[in-house]
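Colleague: Mind having a look at this structure? Questions to follow.
Read the figures in this text as sums done on the coordinates, not as results from a lab. Keep in mind that this is a model prediction, so the values were computed, not measured. Ideal geometry is used to build each Cβ from the backbone, glycine not excepted, and the neighbour counts take in all protein chains shown.
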Protein chains: 2
Amino acid sequence: MSDFNRRQFLATSALAGASLAVSSSLSATQPQAPVMPKLLHHVFFWLKNPESAQDRAQLITGIKTLAAIETVRSFHVGVPASTEKREVVDNSYHVSELLGFDDVAGQDAYQVHPIHQKFVEQYQHLWSRVVVYDVLAVD
Amino acid sequence: MSDFNRRQFLATSALAGASLAVSSSLSATQPQAPVMPKLLHHVFFWLKNPESAQDRAQLITGIKTLAAIETVRSFHVGVPASTEKREVVDNSYHVSELLGFDDVAGQDAYQVHPIHQKFVEQYQHLWSRVVVYDVLAVD
């Protein structure tokens, strides 16, 4: 359960007061892990100047503007984590952007959205390589 | 707002009844997009037998067991989405698993968890290649 969902659930419980029946009913609809959007759009960027902290910060600033696009349902921007180095782990990228959408149509609308087009125009000089994975959830 | 959060919010609003002050206060804590866990662990699998729907279904069944691990905060399993084919899009993988954790320690605990170890043991004969990206959110 995410912190937000936990807070929300606790708030709900408080409102329900001693009504255990209502709390149980809400609790039953709570999945073990938070529900993710169905469509994931995961983009990995390799910078032209990997040593430039300024370039990385600029790209991250640009990526953050994408969260304002109406069809974006979840947003995560990050850098390689310091997990154990294993042969299967690719930590060669410099910046990661994960956006969640309700469906393929939401991602299509994002691609042609002026904010996204402005982002590409303004920041594409910073990266040398981009790899995109689009994933549709299975039931 | 995710469907789940929307349902939760509507349920909360219903409980609060006419108390607009309470509803507004809860609404104010709602971020524009759902809060994602800080640490993402995204795994892409290439099957040994890509044409086998049975192998793919088996692997997905196995991946779903991982959601029960205590440190897992979000869970998504899927297949390549039918988004536009562009040069930067890699849709050659067969199954995707995205797990969210609070931090690197949560992911480390997952790696050595018996459920994860059983998953690798039982299902690794199905895949020919795995690529892992671990991403830590930046503020």
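Colleague: Among the residues of region A:54-68, is there at least one that is within 15 Å of the chain's Cα centre (by Cα) and closer than 30 Å to B:I60 by Cα?
Modeller: Yes, some residue in region A:54-68 is within 15 Å of the chain's Cα centre (by Cα) and closer than 30 Å to B:I60 by Cα.
Colleague: Now, a different point. Among the candidates A:S82, A:S52, single out the residue that is of a type outside the set (A, V, I, L, M, F, W, C) and surrounded by 13 or more Cβ atoms within 10 Å (Cβ to Cβ).
Modeller: Of A:S82, A:S52, the one residue that is of a type outside the set (A, V, I, L, M, F, W, C) and surrounded by 13 or more Cβ atoms within 10 Å (Cβ to Cβ) is A:S52.
Colleague: Say we look at region B:33-66 and pick out the residues that are in a helix (DSSP H, G or I) and among the β-branched types (V, I, T); which of these is nearest to A:S96 (Cα to Cα)?
Modeller: B:I63
Colleague: Which ones in region A:111-139 are assigned to a helix (DSSP H, G or I), more than 10 Å from chain B (Cβ to nearest Cβ) and out of contact with any Phe, Trp or Tyr (no Cβ under 6 Å at 6 or more places or on another chain)?
Modeller: Those that are assigned to a helix (DSSP H, G or I), more than 10 Å from chain B (Cβ to nearest Cβ) and out of contact with any Phe, Trp or Tyr (no Cβ under 6 Å at 6 or more places or on another chain): A:P114, A:I115, A:Q117, A:K118, A:F119, A:V120, A:E121, A:Q122, A:Y123, A:Q124, A:H125, A:L126.
Colleague: Additional query: Residues in region A:55-79 that are more than 7 Å from every other protein chain (Cβ to nearest Cβ), surrounded by 14 or more Cβ atoms within 10 Å (Cβ to Cβ) and under 21 Å from A:Q107 (Cα atoms): how many?
Modeller: So the answer is 8.
Colleague: Suppose we filter B:S74, B:S82, B:S52, B:S92 for residues that are among the small types (G, A, S) and touching a helix residue (DSSP H, G or I) at 6+ places or on another chain (Cβ under 7 Å); which single one remains?
Modeller: Of B:S74, B:S82, B:S52, B:S92, the one residue that is among the small types (G, A, S) and touching a helix residue (DSSP H, G or I) at 6+ places or on another chain (Cβ under 7 Å) is B:S82.
Colleague: Output the residues belonging to region A:84-102 that are under 19 Å from the mean Cα position of the chain (by Cα), part of a loop (DSSP other than H, G, I, E, B) and within 9 Å of chain B (Cβ to nearest Cβ).
Modeller: A:D90, A:N91, A:Y93, A:D102, listed by residue number.
Colleague: Here is a further query. Out of curiosity, is A:S96 surrounded by fewer than 13 Cβ atoms within 10 Å (Cβ to Cβ) and within 19 Å of A:R56 (Cα to Cα)?
Modeller: So A:S96 does not fit the description; no.
Colleague: What do you reckon, is B:Q107 crowded, with 16+ Cβ neighbours inside 10 Å and under 21 Å from A:E87 (Cα atoms)?
Modeller: yes
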